[in-house]
Amino acid sequence: MNRKAIALWLLVAAGLAGCSGREVYKDPAAEVEDRVEDLLGRMTLEEKVMQVTQWTYGKNMNVNNVESETKAVSPMIGSLLYRSTSPAYYNRIQRKAVEESRLGIPILCGFDVIHGYRTIFPIPLGQGATFEPELSEKCAAVAAKEAAVSGLHVTFAPMTDLVRDARWGRVMESTGEDPYLNGLFCAGMVRGFQGDDLKEPYKIASCVKHFAGYGAPTAGRDYNTVELSEHTFRDFYLPSYKAGIDAGAAMVMTSFNTVNGVPATGNKKLMRGILRDEMGFDGVLISDWAAIEEIIYHGYCADREEAAVRSAEAGVDIDMMTGIYCENLCRLVREGKISEDLIDESCMRILELKNKLGLFENPYKDADETKEKEVILCKEHRDLAREAARKSFVLLKNEEKILPLGKEKKIAWVGPYVHSRNLMGAWSFIGDAKDVTNLEEAVKAQADTTNMSFHAGSPMLGSDIRLEGFGEAMEQSHTPEEEEAMLLEAVNAAKEAEVVVLAIGEDRLQSGEATSNANIRIPEIQQRLLERVSEVNENVVVVLFNGRPLDLRDVVSKAKAVLEVWMPGTEGANAIADVVFGTYAPSGKLTMSFPYSVGQVPVHYNEYSTGRPHVPGKDKDRFRSKYLDIPNAPLFPFGYGLGYTSFAISDVKLDKAELGMEDEIKASVTVKNTGDTKGTETVQLYIHDVAASVVRPVKELKDFCKVTLQPGEETEVIFKITEEELRFLTENERVESENGAFEVFIGSDSTTENKAEFVLKK
């Protein structure tokens, strides 16, 4: 609805309401649009401005902090960033809004429920490795249920930013470097959080973030500027946001970065032109934390007043945590510096969301202390967390098939993660370490540990390093003498063991927001532990905990096996024991390339062809696009992951050599389990446009299929290729396909050269 139409409707609604006295907005039988228009017509300018303002509530350090008190919360506030886990606290706040305000408008409560609420699932980058968007949909539904019974209506998730630079700590929130796969996961999570109807029990509104391009900060430094060509921005970075919007996301969050030199939060072209007009998003647009204020520091606005004008004109509906809207909008309207239509427009969208959530009929919705006790961390939720963790693990190396381990072996379990319960990773605010089983406990639950021993070996980080998170700090501090004693104990145990399982990696505070790192290796004190243990025992199995791709050359060279487990969540340790002992075979595949060296980043599989491509094996050809000191290829590429068995994939077969506009080509391979155990393979289909009006990536993921086969069993996997999958942003700035030759690759990862060719004729 345009501004003139809004104004007309408001006049009509106000007139009708004044004549009849009927409060349409309170009538659940009335249409949502009618209810919203009626309510908006009754609101003062001040009341409207309060609706577009978000405060915070809960135990934190924020400017609007009220801790456990409700008296400081205005009953007219539109929304709260809500961190309390108590439904009772929430209900007291909501009661103020619906009973003490003039119009009784309920408050919208939101929080960052990224990869679980109290039951914590693997970080999103780990969930991506499952190649099962439908599994993430289930995880999101569980998170929504736990959040809803605790009083939440909104989650600021999923994050669908495309990520290519492992130096950026927030890669852990994304599902990887591929726009197609990210879009599938984003859409799945939106459906999981929201269901088919937001009024249904245990559903919450999702917020796709961060719009747009936040995943490409210059030099991998958080909050830094972003420099993307229009072509790269549209072809790679925008599609996954669009997938979430098409899935029905109720909200979108602005990003901190600039787009074409203009901060996203004040970028009218980006928000009104691309997000609303092109993508068709008609939901609520919220700023990221203090993002409206930050456009001043960008140098885009002179002061808070101008920041309010620019953001409102760009279409930002809710000001998160600056108070700029609250301070300025009423006065700006009365001075004629901004149209009240803009505020009406935003207010309508917010009220519409509250209606869709059913808050006017039931302002307390699902918040229920009794139900909370039944739902939170129930067996069903823990079982799903364990399944998700197992499927997220990626076996990077398994020399001599050292994994799985027999439970009868003499095993030394070594490393700071042997006893740690902090397996949840960043953005797991409500998760509690006391709910987490540690690795020693998980092993003892599955095996007779008479021949096993458990040792820390080292602290998580050296004593000279201090990390701070959201109100929390690194927990350990050891003297040099204590560190040496820990190391000596572990080395002595390693000498006596048949196998050493080394549980090492990043500290949980080393990834997430504001954790950019130029050095992406495991902490130095843990490197020392690895070196000393590998000197006395050649059978080292590394279980790697981390929130980002790392430089693993030293790790890989000293270990016979490397199992990537990310930050695996509440049931992570039990899942690790399942996989290490062979109860469950690993099947995860990387969705973000692991660099050979930090000097490669940003590195990704779907790079553009160059005029002087490097040809492997021809390193003496100096005048090629290559490094002199390291390979071009990452250490572990996108789509890579081993299992406990082996698979053979046949040559690609196409059922025809030409594709028409209304046609399809069937591309098939035969997949055979050539090993001696049951296993799962993710068969991946990539396409390369050989010659086009703009340079195309060397490969693009277009489809995949997971197959589980018994030893010796084989099956045919058939992919269907249509013209739609061949479209891209052409030289004419239209999304369309072009005639010509295409290569089809099918294999077990992005490096496959197993291909066939067809021609598109439109």
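Every read-out reported here was derived from the displayed coordinates using simple, explicitly stated rules and does not represent laboratory data. What you see is a predicted model; the values in this text were computed from it and never measured. We place every Cβ from the backbone using ideal geometry, glycine too, and count neighbours over all the protein chains shown.
Using +1 at the C-beta of Lys and Arg and -1 at the C-beta of Asp and Glu, which of 659, 687, 748 has the Cα lying farthest in the positive direction of the dipole of the stretch 647-760?
748
What distance in nm lies between label points placed 7 Å from Cα along the C-beta direction at residue 134 and residue 518?
My value for the distance between the label points is 4.7 nm.
With a/c under 1.5 counting as rounded, go ahead and sort the stretch 406-528 into rounded, prolate or oblate using the C-alpha gyration tensor (a ≥ b ≥ c being the square roots of the eigenvalues; past the cut-off, prolate if a/b is larger than b/c, else oblate).
Oblate, since a/c reaches 1.5 and b/c is not below a/b.
Going Cα to Cα from residue 379, which lysines come in below 18 Å? Please leave out same-chain ones fewer than 8 positions away.
Once the sequence-local lysines are set aside, what remains near residue 379 is 138, 145, 371, 434.
Among all the lysines, which ones have a C-alpha under 29 Å from residue 268's C-alpha, if same-chain residues fewer than 8 places away are not counted?
4, 48, 209, 242, 337, 354, 356
Starting from 0.36 nm per residue, how many nanometres of slack lie between residue 674 and residue 331 once their C-alpha separation is accounted for?
116.1 nm
How big is the shadow of the Cα convex hull of the stretch 312-404, averaged over all directions, in nm²?
Result: 12.2 nm².
Can you return the aspartates and glutamates within cross-link range of residue 755? Criterion is Cα-Cα under 15 Å, with same-chain partners fewer than 8 residues away left out.
List returned: 651, 655, 689, 700, 703, 743.
Greater than 29 Å separation of Cα atoms is the criterion. Which listed pairs, 589/720; 702/761; 560/653; 391/699, meet it?
Too far apart for the 29 Å limit: 560/653.
What FRET efficiency do you get for residue 691 and residue 224 if R0 is 41 Å and r is their Cβ-Cβ distance, rounded to the nearest 0.05?
Working: r = 36 Å, r/R0 = 0.87.
For residue 691 and residue 224, the calculated efficiency is 0.70.
For the stretch 385-600, what is the convex hull volume of its Cα atoms per residue in Å³?
119
7 Å from Cα along Cα→Cβ at both residue 408 and residue 623: what's the point-to-point distance in nm?
6.5
Evaluate 2.2 N^0.38 Å with N set to the residue count of the stretch 593-704, then give the Cα radius of gyration divided by it.
Values: Rg = 17.6 Å, N = 112, 2.2 N^0.38 = 13.2 Å.
The value comes to 1.33.
At 0.36 nm per residue, and after removing the present C-alpha to C-alpha distance, how many nm does the segment from residue 654 to residue 609 gain when stretched out fully?
Roughly 13.7 nm would be gained on extension.
Compute the long axis of helix 32-42 from its Cα atoms, compare it with the longest principal axis of the Cα atoms of the chain, and write down the angle in degrees, 0 to 90, nearest 10.
For 32-42 against the chain, the angle is about 50 degrees.
Would you please classify the overall shape of the stretch 501-551 from the alpha carbon gyration tensor, given that a ≥ b ≥ c denote the square roots of the eigenvalues, rounded means a/c under 1.5, and beyond that prolate means a/b larger than b/c while oblate covers the rest?
It is prolate, given that a/c is not under 1.5 and a/b is the larger ratio.
Could you tell me whether the stretch 85-185 comes out rounded, prolate or oblate from its Cα gyration tensor? Rule is a ≥ b ≥ c as square roots of the eigenvalues, rounded for a/c under 1.5, then prolate if a/b exceeds b/c, otherwise oblate.
Prolate.
After finding the eigenvalues of the alpha carbon gyration tensor for the stretch 647-760, what semi-axes result from the square roots of 5 times each, listed largest first in whole Å? Working shown, then result.
On the way: eigenvalues 176, 36, 23 Å².
So the three semi-axes of the stretch 647-760 are 30, 13, 11 Å.
Regarding the chain, what is the average projected area of its C-alpha convex hull, in nm²?
Details: hull surface 138.5 nm².
The number I arrive at for the chain is 34.6 nm².
About its Cα centre, how strong a charge dipole does the chain have in debye, to the nearest 20, once Lys and Arg get +1 and Asp and Glu get -1 at the Cβ?
Values: 87 positive and 119 negative charges, 18 e Å.
Result for the chain is approximately 80 debye, rounded to the nearest 20.
Once the Cβ-Cβ distance between residue 27 and residue 74 is put in as r, and R0 is 25 Å, what FRET efficiency do you end up with, to the nearest 0.05?
Efficiency, from the Cβ-Cβ distance: 0.45.
Tell me the net charge near residue 292. Cut-off is 10 Å between Cβ atoms, residue 292 excluded, with +1 for each Lys or Arg and -1 for each Asp or Glu.
Details: positive: 304, 310; negative: 288, 293, 294, 319.
Neighbourhood net charge equals -2.
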